[in-house]
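Q: This structure is in structure tokens; I'll ask about it shortly.
The values are calculated or read from the model by the stated rules, or taken from the named source; none is laboratory data. These numbers come from a predicted model, not from an experiment. Note that we place each Cβ from the backbone using ideal geometry, even for glycine, and neighbour counts take in every protein chain shown. Just the protein is used for accessible areas: all its heavy atoms, side chains included, with ligands, DNA and RNA removed. Shrake-Rupley method; radii C 1.70, N 1.55, O 1.52, S 1.80 Å.
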Amino acid sequence: MSDQEIIESDLNTVLSSEEIAEIDAELAHVPYKSGAAIDALKIVQAQRGWVSDQSLQAIAKYLEMSAEELEGIATFYNLIYRRPVGDKVILFCDSVSCWLCGCEDIKQKISERLGVDYGETTADNRYTLIPVPCLGACDRAPVMMVGDDLHTHLDKQQIEKLFADSKQSDKGGQ
Amino acid sequence: MIIFVDGQEIEVKQGENVLEACLNAGLDLPYFCWHPAMGSIGSCRQCALVQYQNPEDTRGRIVMGCMTQVTDGARFSLNAQNATEFREAVVESLMLNHPHDCPVCAEGGECHLQDMTVMVGHRDRRYTGKKNTHRNQYLGPLIQHEMNRCITCYRCERYYRDYAGGSDLGAQASRDHVYFGRHQEGVLESEFSGNLVEVCPTGVFTDKPFLKHYSRKWDLQSAPSICSGCGVGCNISPGERYGKLKRVHNRYNHEVNGYFLCDRGRFGSGYINSDQRLDYSGLKGAGLKSADATFAAVHQSQAIETAAGWLQGKKVLGIGSPRASLESNYLLRELVGRSNFSSGFSDAEAAVVRSIINIQKTTVATNPTIKQMESADAILILGEDITNTAPRVALALRQALRNKSFELAEQLGLPEWQDAAVRNLAQDQLSPMVIVSAMDSRLDDVASQLISLSPAAIADFSCAVTASLQGQESDDKRVQQVANMLSAAKRPLIISGSSMLSANIVDSAACLAEALQAHKQAAQEVMLSFCVPEANSMGLGLLVNEDKRPLRLSRLAKKIDTVDAVLILENDLERRLSQSELDLIFSGKTRVISMDLLENNTLARSDLVLPVASYAESQGTLVNAESRAQRHYPVFEPAAERLCSWQWLLQLAAVMEHKKLAGIAHFDQIVEACSKSQPIFADLTAVAPDHSFRDRGLKVPRQTHRYSGRTAINADVSVHEPPQPTDCETPLAYSMEGLNRDQPASLIPYVWSPGWNSNQSLQKFQAEVNGPLKGALKHSGAGQRLIKSTQQGLEYKLKVTHPRMQKGRWQLLPMHRVHGSEELSAYTDEIAELAAQAFVALGETVAEKLGVAEGEMVVVSTADQEISLQVKVLSRVAKNCVGFSVGYDKTKSLRAGDSVALRRDKSWQPPQVIATDRGVASNGC
Amino acid sequence: MEKVLTRNIGPDQMPTDMTAYKANGGYVGLRKALSHMSPKDCLKVISDSNLRGRGGAGFPTGMKWSFVPTEDKCTPGHKYLVCNADEMEPGTFKDRLLMECDPHQLIEGMILSAYTIGADISYIFIRGEYVVAIQRLRDAIAECYAKGYLGDNILDSGYSLNMYVHPSAGRYICGEETALINALEGKRANPRAKPPFPQVSGLWGRPTIVNNVETLCNIPHIIDRGADWFKTLGRGEDSGSKLFGVSGKVKNPGCWELPMGTPIREILEDHAGGMRDGYQLKGLLPGGGSTDFLVPEHLDLAMDYNVIGAAGSRMGTGTMIVLDDRSCPVAMVLNLIRFFAQESCGFCTPCRDGLPWTRQVLEDIESGCAESEHLETLAYQIKYIGAIGNTHCALAPGAMEPLQSALKYFYDDFKQHISGGQCPYHKGA
Ligand SMILES: Cc1cc2nc3c(=O)[nH]c(=O)nc-3n(C[C@H](O)[C@H](O)[C@H](O)COP(=O)(O)O)c2cc1C
Ligand code: SF4
Ligand code: FES
């Protein structure tokens, strides 16, 4: 994401009415406002891709929590992104069953194909690659999620096909 | 109940945990995350020992001492190999990412981690990987952040958030990346942030002003002292080196401050090193040009002679001071004579303090210590913003609110020290606390109910609750609710104070307490407590309490013409008298002699000024809000020509050949004389041991055994070593010789014990965890309560008058600020920075009506002046009231209760930020 | 054997809707309980059935429930039932199947469980990556509300229960039941100290039961068909059936419902089809990443809690991870330790800082730059981190299980790494 874009998305310092409606729905079944903290982070992230400082402050204010408290929560959970991510996040399983079934080669293939390592976003801002604990699909290892879709029995051809229309960035092939 | 530890039989108390039991037995069981005031969470795993099922069990299993409750006959081992190996492994893993920079780390030499590392015997690291590192944050002028030293014990977060109620510091991230800090860089908001310095077992949070002129703990010379920041009287241990006060640490007193201070107390002593301190006596017009209004420095003896000349055989008035010691005030009174002595309180202050004293002398309610206040199960606050007027008390009230959760825990058989479990159980349930005040207070966040009323209405409200307790119905639902809350409680606390300068509020609080006590069964205990503004308000109040017609300050000003001289003791009259009254005092022919520490306008207008020692350079007794007299001792000798004010006064008396004071030459004799002067002071001699006290033949050393002693610091001036000063006035010595162990509680200058270099060594001085100091049991306790109530009660006749506010005018009410309102601490750079600008505080509707927002300027006009002040917008405020920052230079002339008009300051332009030093500060880490 | 938990799950793994679920005997147990059985009766049946928790620890479900204070022994307020659907134990993939394919079975199990313990609010705490399961559960819950199976006065019984799906924001530790409770409260998911147990002070300080998905899925059947029937399902000493799974280099990895006590060999060979061609079995973790290795000599052991326990391992989640002879055991353990070090919540020292230390030692060994002292250090670390009670929760001791057993069974492999200065499995790598 370019600096320009980050700054623009940061202008979202107030919650949208859709976000508020969704958070309110969660608030309905917790006894304390702070009880919906994680839900609220996820709701806002679903809208904005990630949780910027400004988004975090807006949520904290709405839930009557301090930004510090919410920060502690946001940075605890790995599915809350406190840095910008690409359009889709690749959650790549590197746990034991996938490892036994050769996920390291697949990871390398993805890295080569997209030019990113763990924690990085492709130059075209389409993908961010993140390792994830066991995805609970070990019988179909190796697996990964791209956005909401689970991809199983991964092999190199599949990776090639999946990311066929993704530009190879400069960093690739190292 | 007993337990066995390594075969040794240990007497334990039911309900305590094994770590506490071991520490109480004098055993060295290492720990980190446990804190005596905050209980256990079991995160560091350092306090491991082995527990055996029965005498036959030889293997046992590892348990955490802090998480294990004692049971009768339980068997443990500290020394079993698996226990020692485990504890060493804990330190080895804590050290994986820890910097190896003890020699240059600010915590070195008083580091809990360092102590524990040595204690478990860890030496050689096996880890060869890279260390994790963190970025530090700028946290304001008081606290330095150095995250790489963190061992993730969670103490800071638990202290700051759970204990002190701060919301802007917490744990972030997870696994071995946990980070303790703010969401974004910035000044820590809590007025108790300084305790992080002592709570953190390593050097993550350190005392920032101290770092600017750093010394090792072992190189600090210390003396037992009392904070002069407010009327609470927290016990402190200031440390000096090279004639500078380096820092202030907490000094444990289990009935007063326990383990914690407020930031004013910890950081507000910087004024002692200020350039604005007076070094020499100054005589106005004594220079070559005799018409000159400037001062010429004169020698001590000349100053005394001059003063004596002005006073001897003349009509003289004396003005005392609530921030000067009891001894100095007493001497001044004796010197000028009782009827010529004015307390130095403003008239309004004098009336409230008088009320408070009279109540304490007669009330049937308990006048609680801070420790007792922590046991309250319902609280009513009348008119005070306690966090700003008696900060340490507010911290105690936050703990009292947890009694509800302890009740719930007890039902489940959960001990109070199971901290996280008790908090999880209770969630946000707190004991009830109702705050009735004119506007925002810093305890609003935890109050069960907030009622915003003007001072007069607060007194009315309190009377209505009283009436309701006596069976009279009220149409105000809130009255009934408060009455119910109080009568349902086992240990209700009513707390009020002098900050609104309303004797009515204070009296109404007392009425209420009496009614409540009468209303209840005998088993229930009503507590009644008052906050007073200054360190010795109560001592001074007691001194003049028996006077039938005390000389009011305003009257003194009026009769100034009739006297030849006035002697002012440590009092900036600008804070207490109007401009016209001041003019009366200073523009006549009456000679004015002032004794003080720092430049101010009272001094500037005086004819002779005498430089006095600060609390850290002098000995004295201060009487706190609960009427506890406590002694402070000089940490170091006053520099230049400063003298303690009692010394000035004694010398004056000697030269003047004052009859009554002629026989007095030493401090202890003043104490003795004072104690005999009024029955209320009878116990003064028991406050602390006198100068003849010896422990095993020696005085108590101010210096540590590891003190580096002489250095070459003055070699540019002289290579000859000056001799160590001798101290004939106190039981302390300017020396490292002597024992610092088990002495009377009032004589502990610092804590240290072999193997325990950090402040955790305190447990070696305590009779038991959280209990009194050993020395307080063996000798006298820490301080003496002077007032013992007759319990006869008083007849209160309240005459509540409601000021009539014209349209467009507001009643001006004082808002006290931890940083900024107190006279002396405000001279400390860091405190001044935090105090920021003087302000006027408005409710939202008023701000709206005036068309101003927070930070903009408003002109406040009283009958005789106009002041432009920055606007603060309040979240709640009583009708027709506005607040002003009390004690700030710019608002010194404003008085509580003034009727003012307000208008937007049209000439005001938003300031342009040209530069800020924040970037520099944050890069410093 | 008759399929119980998976009877509605076809090979296509399509979700079962309410009609289909009911057509196959669904909600019969619920009607029976709500009309004829008191909560006490239900508790007795579950206790008698000897159902043990399927979340990993195997704690008897009936006993766990019995610790919930009854109304007269408890301050008034909510009680909670929480379904632990966080399934993140490496190598575990059973709960996903149950939720994706038969959501009503779980919901019925939850209503019955909640009824038994007197809960009025229930949550399904599900890992956020299970997007399909989340959607299907939400749909099924909506169906239940619409048809009166959830909400006020369920099936006119006077009993009311609300149910919410709470997708997690990640972290393995959230599966630990007290950490899960903190996560549900919207806090950092550090585990809590026990006691107090959640049964008395759990979610928002109120009595709370946390059960695994599979555990809860058993409930409707036990209520419907009785404890005795349930006991007969097992082949060994444990009752019921169980989802067993196999992953790794086997011919036919997957997850099957089989009787408790089915021998490992049968699962591995008959169901998973044995090792892939060219691969030999070297060892296996019987129930997920935090169980101890078993080796070929253990193949004839029955998958029963006590039998596997006696062999020095744990049944765990019952989903096996197979180590073949061409994969490096040191690297496999390193992979697991990396996972656990990464997933440590950071609360207690041995786990937070001890596991990264272990990781570093293993990295040295795997990369061939270790000395024999490294093995001593590992042994030291196992003693330090590996015992329950040394740490605040069971994550870190669990992490040490594969390591300690690998050192026992594959010691030569560790030695070879050190003496050869490289990994014998990835020569030159
Ligand atoms: C680190 C850790 C992770 C866990 N993860 C899960 C999990 O993902 N799912 C689960 O059902 N139980 C998990 N558990 C076990 C739970 O703490 C708890 O025992 C279980 O949910 C109880 O359910 P049961 O009695 O039905 O087995 C985990 C335990 C630990 C220590
Ligand atoms: S063992 Fe300790 S650090 Fe590890 S997950 Fe459990 S509580 Fe957290
Ligand atoms: S002091 Fe006991 S675990 Fe930290």
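Q: What residues qualify as long-range amide H neighbours of B:VAL860, i.e. H under 5 Å apart, gap of 5 or more or another chain, H built at 1.01 Å from N?
A: Amide H neighbours of B:VAL860, under 5 Å, 5+ apart: B:ILE867, B:SER868, B:LEU869.
Q: With a 1.4 Å probe and all protein chains in place, put B:GLU823, B:GLU599, B:GLU56 in order of accessible area, largest first.
A: On the way: B:GLU823 15, B:GLU599 95, B:GLU56 140 Å².
Listed by decreasing accessible area, they come as B:GLU56, B:GLU599, B:GLU823.
Q: Over the protein assembly as shown, average the accessible area per residue using a 1.4 Å probe and give it in Å², no decimals. Intermediate results must be reported in sequence, preceding the final value.
A: Values: 55970 Å² over 1528 residues.
Averaged over the residues of the protein assembly as shown, the accessible area is 37 Å².
Q: Let me ask another. Angle between the Cα long axis of helix C:411-420 and the longest principal axis of chain C, 0 to 90 degrees, nearest 10?
A: The answer is roughly 40 degrees.
Q: Using unit Cβ charges (K, R positive; D, E negative) and no other charged atoms, how large, in debye to the nearest 20, is the dipole of chain B about its Cα centre? Could the numbers behind the result be given before it?
A: Values: 97 positive and 104 negative charges, 191 e Å.
I would put it at about 920 debye.
Q: Using a 1.4 angstrom probe on heavy atoms only, work out the carbon and sulfur share of the accessible area of the stretch A:15-170 in %. Please report the intermediate quantities before stating the final value.
A: Numbers: 2770 of 6060 Å².
Exposed carbon and sulfur together represent 46 percent of the surface.
Q: Same structure again: Other chains near C:82-94: what is the mean number of their Cβ atoms within 10 Å of each residue's Cβ? Could the numbers behind the result be given before it?
A: Working: counts 0, 0, 0, 1, 1, 3, 6, 4, 11, 10, 5, 10, 2.
Other-chain Cβ atoms within 10 Å of each residue's Cβ, averaged: 4.
Q: Something else now. To the nearest whole percent, what portion of all C-alpha pairs in the stretch B:350-534 is separated by more than 22 angstrom?
A: Values: 7143 of 17020 pairs.
Across the stretch B:350-534, Cα pairs with separations above 22 Å total 42 percent.
Q: To continue, here is another question. In the calculated pair distance distribution of the stretch C:241-324, what percentage of Cα-Cα distances lie above 19 Å?
A: Numbers: 813 of 3486 pairs.
The calculated P(r) of the stretch C:241-324 puts 23 percent of pairs beyond 19 Å.
Q: Computed over the Cα atoms of the protein assembly as shown, what is the convex hull's projected area averaged over all directions, in nm²?
A: Numbers: hull surface 244.3 nm².
That works out to 61.1 nm², a quarter of the Cα hull's surface.
Q: Convert each backbone phi in the stretch C:106-114 into a coupling constant with the Karplus relation 6.51 cos²θ - 1.76 cosθ + 1.60 (shift: θ = phi - 60°), then list the ³J(HN,Hα) values in order as whole Hz, x for Gly and Pro.
A: 5, 4, 4, x, 6, 4, 5, 5, 4
Q: Turning to a different aspect of this structure: Can you run the Rg to Rh ratio on the stretch C:1-120? Use alpha carbon positions and the Kirkwood inverse-distance Rh. Spell out each step's value before the answer.
A: On the way: Rg = 15.6 Å, Rh = 15.9 Å.
In the stretch C:1-120, Rg relative to Rh is 0.98.
Q: Also: Which lysines does A:LYS33 reach when only Cα atoms under 29 Å apart count, and residues fewer than 8 places away in its own chain are ignored?
A: A:LYS33 reaches A:LYS42, A:LYS61, B:LYS404, B:LYS477, B:LYS872, C:LYS73, C:LYS79, C:LYS187, C:LYS194.
Q: With θ set to phi - 60°, apply the Karplus curve 6.51 cos²θ - 1.76 cosθ + 1.60 along the stretch A:42-56 and write out the HN-Hα couplings as whole Hz, x wherever there is a Gly or Pro.
A: 5, 4, 5, 5, 4, 7, 10, x, 8, 10, 7, 3, 5, 4, 4
Q: Also: Tell me which DSSP H helices of chain B clear both cut-offs, 18 Å or more of axial length from alpha-carbon atoms and a mean Kyte-Doolittle hydropathy of at least -1.0.
A: On the way: long enough: B:81-94 (20 Å, -0.35); B:347-362 (23 Å, 0.21); B:455-469 (21 Å, 1.29); B:503-519 (24 Å, 0.68).
Counting only whole DSSP H runs, the qualifying helices are B:81-94, B:347-362, B:455-469, B:503-519.
Q: Projected onto the charge dipole of chain A (+1 at Lys/Arg Cβ, -1 at Asp/Glu Cβ, origin at the Cα centre), which of A:ILE130, A:LEU41, A:THR75 gives the Cα projection farthest towards the positive end?
A: Towards the positive end, the residue furthest out is A:ILE130.
Q: Something else now. What do you reckon, how do B:TRP908, C:TRP357 stack up by accessible area (1.4 Å probe), largest on top? Please list the in-between numbers first.
A: Values: B:TRP908 75, C:TRP357 0 Å².
Of B:TRP908, C:TRP357, the descending order of accessible area is B:TRP908, C:TRP357.
Q: May I pose another question? Take peptides B:256-263, B:59-66 and line them up by average Cβ neighbours within 10 Å, highest first, as a rough protection proxy. Write out the running numbers ahead of the final one.
A: Working: B:256-263: 25.2, B:59-66: 21.1.
Top of the packing list down: B:256-263, B:59-66.
Q: Report, to the nearest whole %, how much of the accessible area of the stretch B:729-862 belongs to carbon and sulfur atoms, 1.4 Å probe, protein only. Don't jump to the answer; show the numbers that get you there.
A: Values: 2910 of 5910 Å².
Heavy-atom surface of the stretch B:729-862 belonging to carbon and sulfur, 1.4 Å probe: 49 percent.
Q: List the lysines whose Cα lies under 26 Å from the Cα of B:LYS314, skipping any in the same chain that are fewer than 8 positions away.
A: Qualifying lysines at Cα under 26 Å: B:LYS284, B:LYS548, B:LYS558, B:LYS559, B:LYS589, B:LYS659, B:LYS660.
Q: How big is the convex hull of the Cα atoms of chain C, per residue, in Å³? Let's see the in-between values first.
A: Details: hull volume 56.5 nm³, N = 429.
Once divided by residue count, the hull of chain C is 132 Å³.
Q: Output wanted: per-residue J couplings in Hz (rounded whole) for the stretch B:143-149, from phi through Karplus 6.51 cos²θ - 1.76 cosθ + 1.60, θ = phi - 60°, x for Gly and Pro.
A: Rounded to whole hertz, the list is 10, 9, 10, 9, 5, 4, 8.
Q: A follow-up question, please. P(r) for the stretch B:810-904: what percent of alpha-carbon pairs falls in each 10 Å bin, starting at zero?
A: 18, 51, 27, 4
Q: Another question about this same structure. Ordering B:ASP419, C:ASP72 by accessible area with a probe of 1.4 Å, largest first, what comes out?
A: Numbers: B:ASP419 5, C:ASP72 125 Å².
These residues rank, largest area first, as C:ASP72, B:ASP419.
Q: Place +1 on the Cβ of every Lys and Arg and -1 on the Cβ of every Asp and Glu in the protein assembly as shown, take the dipole about the Cα centre, and give the residue among B:GLN481, C:THR92, B:TYR52 whose Cα lies farthest towards its positive end.
A: Among B:GLN481, C:THR92, B:TYR52, the one farthest towards the positive end of the dipole of the protein assembly as shown is B:GLN481.
Q: For a distance above 22 Å, tell me the whole-number percent of Cα pairs in the stretch B:349-434 that qualify.
A: Of the Cα pairs, 38 percent sit more than 22 Å apart.
Q: List every residue whose amide H lies under 5 Å from the amide H of A:HIS151, counting only residues 5 or more places away in sequence or on a different chain, with H placed 1.01 Å from N in the peptide plane.
A: A:MET144, A:MET145, A:VAL146
Q: Rounded if a/c is under 1.5, else prolate if a/b beats b/c, else oblate: with a ≥ b ≥ c from the C-alpha gyration tensor eigenvalues square-rooted, which is the stretch B:2-94?
A: Working: a/c = 1.86, a/b = 1.13, b/c = 1.65.
Verdict is oblate for the stretch B:2-94.
Q: While we're looking at this one, here's another question. Would you calculate the convex hull of the Cα atoms in the stretch C:212-256 and tell me its volume per residue in Å³? Write out the running numbers ahead of the final one.
A: Details: hull volume 4.3 nm³, N = 45.
With only Cα atoms used, the stretch C:212-256 gives 96 Å³ per residue.
Q: Next up: Could you name the lysines whose alpha carbon sits less than 23 Å from that of B:LYS246, not counting residues in the same chain fewer than 8 places away?
A: B:LYS208, B:LYS212, B:LYS217
Q: Which cross-chain or sequence-distant (5 or more) residues have an amide H under 5 Å from the amide H of A:VAL89, H modelled 1.01 Å from N in plane?
A: The answer is A:THR128, A:GLY147.
Q: Tell me the Kirkwood radius of the stretch B:200-319: reciprocal of the mean inverse pair distance over distinct alpha-carbon atoms, in Å. Before the final figure, lay out each step's value.
A: Working: mean 1/r = 0.0560 Å⁻¹.
Result for the stretch B:200-319, one decimal place: 17.8 Å.
Q: Let me ask another. With only Lys, Arg, Asp and Glu charged, each at its Cβ (+1 for the first two, -1 for the last two), find how big the charge dipole of the stretch B:32-93 is about the Cα centre; round to the nearest 20 debye.
A: Details: 5 positive and 6 negative charges, 20 e Å.
In total the dipole reaches around 100 debye.
Q: Quick one: putting +1 on the C-beta of Lys and Arg, -1 on the C-beta of Asp and Glu, what dipole do you get for chain C around its Cα centre, in Debye to the nearest 20? Don't jump to the answer; show the numbers that get you there.
A: Working: 42 positive and 50 negative charges, 130 e Å.
Value, rounded to 20: 620 debye.
Q: May I have the convex hull volume per residue, in Å³, for the Cα set of chain A?
A: Values: hull volume 22.2 nm³, N = 174.
Output value, Cα hull per residue: 128 Å³.
Q: Once you have a ≥ b ≥ c as the square roots of the Cα gyration tensor eigenvalues for the stretch C:161-202, tell me rounded if a/c is under 1.5, and otherwise prolate or oblate according to whether a/b is larger than b/c. Each step should come with its number before you reach the end.
A: On the way: a/c = 2.31, a/b = 1.15, b/c = 2.01.
Because a/c hits 1.5 or more and a/b fails to exceed b/c, the stretch C:161-202 counts as oblate.
Q: Which value, in Å to one decimal place, does the Kirkwood hydrodynamic radius take for chain B when every pair of different Cα atoms is included?
A: Values: mean 1/r = 0.0342 Å⁻¹.
For chain B, the Kirkwood estimate is 29.2 Å.
Q: Checking the a/c ratio against 1.5 first, then a/b against b/c, what shape does the Cα gyration tensor give for the stretch C:329-426? All intermediate terms of the calculation are to be shown ahead of the outcome.
A: Numbers: a/c = 2.10, a/b = 1.91, b/c = 1.10.
Cα axes put the stretch C:329-426 in the prolate bin.
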